[in-house]
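Chemist: Pasting a structure below so you can have a look.
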């Protein structure tokens with residue numbers, strides 16, 4: 001239930017050739033308050049409901065609870081979400097014992113590419129591929145909840 005994650009901007013599309021999975025994700029927020037976000041997501045043909053707590057001081061660690069829900073329920077919940085639905089393609093790339101999730105954003109967030117890696121410990125070593133750019137862990141403007149209200153295309 002505790003998520004330890006680091007985020008990075010992506011320098012180029014070199015990661016695409018390394019992808020072991022690719023899925024379209026559409027998600028919205030029933031609550032985008034950073035203290036407790038409530039997200040509805042459709043990933044491929046599955047629905048999910050996720051609640052995330054506020055991150056720690058470094059932004060790497062926070063409470064996360066997620067449960068799969070029926071796709072029709074996810075579609076209904078998306079219809080009542082706050083404005084600003086996120087639409088992206090997620091690529092999964094294996095790197096050592098970890099998996100990077102690289103999100104290529106579309107629509108109002110077009111042009112933004114962010115990589116995330118989940119860790120077991122905040123100080124855990126992980127490989128940094130050459131396509132990985134500046135670290136943005138803890139920078140709220142790169143959180144999906146923020147992007148739903150303040151799209152990258154408006155920066």
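Chemist: Give me 42, 86 ranked fewest to most by other Cβ atoms within 10 Å of their Cβ, as a rough exposure proxy.
Modeler: By the 10 Å Cβ count, ascending: 42, 86.
Chemist: Order of 87, 121 from fewest to most other C-beta atoms within 10 Å?
Modeler: So the ranking, lowest neighbour count to highest, is 121, 87.
Chemist: Could you tell me the largest-minus-smallest coordinate of the C-alpha atoms of the range 97-143 on each of the three principal axes, in descending order and whole angstroms?
Modeler: That works out to 34, 22, 16 Å along the principal axes.
Chemist: Ok, one more. If you take the Cα atoms of the chain, find Rg, then find the Kirkwood Rh from the mean of 1/r over all pairs, what is Rg/Rh?
Modeler: We get a ratio of 0.94 for the chain.
Throughout, read-outs are computed from the coordinates displayed, never taken from laboratory work. Small disclaimer: the values here were computed from a predicted structure and weren't measured. A quick note on method: Cβ atoms are made from the backbone with ideal geometry, for glycine too, and the neighbour counts reach across all protein chains shown.
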